[in-house]
Structure formats: structure tokens, C-alpha cells
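A short write-up of the structure that comes next.
The values are calculated or read from the model by the stated rules, or taken from the named source; none is laboratory data. Computed from a predicted structure; not experimentally measured. All Cβ positions, glycine included, derive from the backbone under ideal geometry; neighbour counts span all protein chains shown. For the accessible areas, the whole protein counts, side chains as well, though only heavy atoms, and no ligand, DNA or RNA atoms are used. Shrake-Rupley method; radii C 1.70, N 1.55, O 1.52, S 1.80 Å.
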Amino acid sequence: MRPWLHRLRGVAIGKNVWISQFVYIDEIHPADVTIGDNCTIGLRTSIISHFYWGPRRPKSNGKVVIENDVFIGPHCVILPNVRIGEGAVIKAGTVVSRNVPPHVLWGAPSAEVLGEVVVPLTFENSNEEGAQELQVRPRRRAGGIKVATR
């Protein structure tokens, strides 16, 4: 049902496409979004094909092309002027701001421990106390070289 409704709005959508709930596809320039065959668009993903302020312009300043067999995880943001290559998988929560090559898993590295919280950030403690007592661990680079963090 959702792909059909987006097609009525002007989005070019191929066959066998699943668009989950609460997916935002640019309402000002929907015709500048193309989704290929056999794609999945995850929950609460936003696909934006324009990036300007003010009144509606006759042309957008960016197109979004999602090629065939692409899987986009939940809570992703696809920005203008992006092409996602065939067969790519976009990791949940990823902001896609540049082209994605075909047949790759795309996303930021997994979360990791950044430091130790000595004073909990709750209403009982001030932000200044919490920030002052936060102990940041040094990051390691490839090859075992330590890199200081802020």
C-alpha cells in the first residue's frame, strides 16, 4: 500500500518494494527520488531530495537514486545527491551523505566504550561535576599507536 501511495505522489518505485511505517520521502520534490526493484526501506527512514530554505523552487538541488536489491535499515537518513549502489545494505541509524558503492555493507563503526563515568549525569549532580569527572579513555589506531581524545 505505501509504495502505491508514494508512486501517486511522483516517486519512481520499482517492483517488489517494501516501505516500512513512518518513512519520510521528500514531500516537496518526490519526483527526484528513485527506488529500484526488490528494495526494503526500514522504519522511520528519511529520504531527502532537496536542501534549501524558503519558498518551493521549481527544481530540487539533489536527486536520490536507490538502485535494485538495496536494504536500508531503520532510522536512516538519505541526503540529496546520493546514489546507493545495487545490492548495498545500509546499517541502521546511518546518515548517507555520499554515494554508496554496489554490494557493500555501509555504516559507521559500532559503538564502543569511550570513557568511564565517575559522577552520574542525573538531576542530583551538576553538568559541570559530571564533565569534570568524566574519564575519557585514549583511542587506539591501527598498529597499536595511541591517539589522545578530547
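Tabulated data
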{"quantity": "Theoretical gain in end-to-end length, N61 to V117 [0.36 nm per residue, Cα-Cα removed]", "calculated": "15.8 nm"}
{"quantity": "Accessible area, probe 1.4 Å, largest first, for residues K91, K63, K15", "calculated": "K15, K63, K91"}
{"quantity": "Environment charge at V11 (Cβ cut-off 10 Å; Lys +1, Arg +1, Asp -1, Glu -1)", "calculated": "0"}
{"quantity": "Label point 7 Å beyond Cα of L8 along Cβ direction - residues of segment 22-52 with amide nitrogen under 20 Å", "calculated": "22-35"}
{"quantity": "Gained length - E86 relative to E124, 0.36 nm times residue gap less alpha-carbon distance", "calculated": "8.6 nm"}
{"quantity": "Computed accessible area, W4, all protein chains, 1.4 angstrom probe, square angstrom", "calculated": "140"}
{"quantity": "Probe 1.4 Å, all protein chains present, accessible-area order of L79, L114, largest first", "calculated": "L114, L79"}
{"quantity": "Sites H103 and T34 - FRET efficiency at Förster radius 25 Å, r taken between beta-carbons, to 0.05", "calculated": "0.85"}
{"quantity": "Sequence of D37, D69, D26 when ordered by accessible area, the most exposed leading, probe 1.4 angstrom", "calculated": "D69, D37, D26"}
